[in-house]
Amino acid sequence: MGNGLFKRTMKIDSNNNSKIKYKLLSWYDKNNYTFPWRSSTNPYHVFLSEVMLQQTQVKTALPYYLNWLRRFPKISDVSKASNDEILKQWEGLGYYSRARNFHKAASIISKKYNNCIPKNFDDFIALPGVGEYIAGAVLSIAYNKSLPAVDANAVRVISRLEMNNIPYPKSIKSISNSILKYISKKRPGDFNQSIMDLGREICKSKNPKCNLCPIASHCKSYINNCVDKYPIKLKKQQKKHINMALGIIIHNNKILISKRHENGLLGGLWEFLSAEINKGESANECIIRKYKKGLNIQVEPYVFIKKVDHEYSHFSLSLDAYFCNYISGDPKNIDCEDWMWIKPKNIKLYPFPKVNHKFFDEIETEIKC
């Protein structure tokens, strides 16, 4: 009797899973959210889009995606490009390690896989920057592999559907297992994208449109009137705020720029040196200290430019910027990857952090004066 009951329960659950799968795919087909990467079956295009869309909204990534493919039509073009070219094309999109890893992955794909994105999960996930999500998304969409793609949308949709009480990100494994219960074996890529679309358009983190949801009748949190409680998240730590100073060195109508070490925040980008202001230290003293430590030169701040505030994912900063005179010393790569003197008109040829762009107009005005 026990075995019979178990089999009957499993049959009911299986039927319910099929209904959820069918309703999601029907909703996906009916709404037909069109994006350039969905009109292409090229695995390179799919791979690029998923990398760009990590932690980035569709509307933000879209122009970058189109510009990237104009500049690098094939993955072999990516592998042949310089780091500066890659980062310049990515400039402003943020999370620059994505670009550096994609560049490295393209080189491996070019040399080891003859410019073909590997179909094998173990081969693909071994590429730089490829984790469980990207592997699942790319291989399901490009190669029809029945793999889960667990992004923030999937976590939200499945957590609410099943009232998953495991806090995120610890819930990722159980969410993956849940998707495997529902996923279409014939259309795994479309199924994963239906979850993405549902989370983006309907099952939003705030003010979800449950009345428009195709699977609301199966959603446990909706039935129990507790949608707002899911997904359960661990309490976020408060963002650290940092006060910094930045110096822009002008000498013989040129400006001095330095390149950040590749491993680290904003790695590989060019910049004007900046540093956190120590307790009891003025912004001017901070700039003098940083240039001595980073490039072995003496500088003298002579005019305040402006203060800017900027937000990163894990911290925020206030930045006091000054124009500085070059006093003495031969620049050396002590605390940077490289350095050079450039004409202000050439500044847009190099990839810079977004916060540095906020001073480009002032530089042009200062040099002209």
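The values are calculated or read from the model by the stated rules, or taken from the named source; none is laboratory data. None of the values given here were measured: they were computed from a predicted structure. Neighbour counts are summed over all protein chains in view; Cβ atoms, including those assigned to glycine, are modelled from backbone coordinates with ideal geometry. Side chains included, ligands, DNA and RNA excluded: accessible areas come from the protein's heavy atoms. Shrake-Rupley method; radii C 1.70, N 1.55, O 1.52, S 1.80 Å.
Assorted remarks:
- Residue 293 falls short on exactly one of the conditions (1) among the charged types (D, E, K, R); (2) modelled with pLDDT of 95 or more; (3) part of a helix (DSSP H, G or I), and that condition is (2).
- Some residue of the range 243-251 being over 31 Å from the mean Cα position of the chain (by Cα) and open to solvent by less than 40 Å² (accessible area, probe 1.4 Å): yes
- Scanning the range 128-140 for residues that are farther than 21 Å from residue 169 by Cα and either in contact (Cβ under 8 Å) with a residue 40 or more places away in the chain or surrounded by fewer than 22 Cβ atoms within 10 Å (Cβ to Cβ) (or both) gives 128, 138, 140.
- Verdict on residue 145 being farther than 17 Å from residue 52 by Cβ, of a type in the set (Lys, Arg) and either in a helix (DSSP H, G or I) or touching a residue at least 24 places away in the same chain (Cβ under 8 Å) (or both): yes
- Identity of the residue in the range 152-195, in contact with a strand residue (DSSP E or B) (Cβ under 8 Å, 6 or more places away or on another chain) and surrounded by fewer than 21 Cβ atoms within 10 Å (Cβ to Cβ), that ends up modelled with the lowest pLDDT: 168
- Per the conditions (1) modelled with pLDDT under 95; (2) crowded, with 20+ Cβ neighbours inside 10 Å; (3) within 25 Å of residue 89 (Cα to Cα), the sole criterion not satisfied by residue 336 is (2).
- Residue that is farthest from residue 265 (Cα to Cα), among those in the range 58-108 that are touching a Leu at 6+ places or on another chain (Cβ under 8 Å) and of a type in the set (Val, Ile, Thr): 108
- Options 239, 204; residue that is closer than 30 Å to residue 309 by Cβ, open to solvent by 30 Å² or more (accessible area, probe 1.4 Å) and at pLDDT 95 or above: 204
- A single entry from 48, 53, 69 fulfils the requirement of being surrounded by fewer than 20 Cβ atoms within 10 Å (Cβ to Cβ) and not small (Gly, Ala, Ser): 69.
- Of the strands (runs of 3 or more DSSP E) that lie entirely inside the range 178-277, those containing 1 or more residues that are of a type in the set (Asp, Glu) span 274-276.
- Cβ pairs under 6 Å, 6+ apart, first in the range 250-271 and in contact (Cβ under 8 Å) with a residue 24 or more places away in the chain, second assigned to a loop (DSSP other than H, G, I, E, B) and among the aliphatic types (A, V, I, L, M): 258/273; 260/266; 260/269
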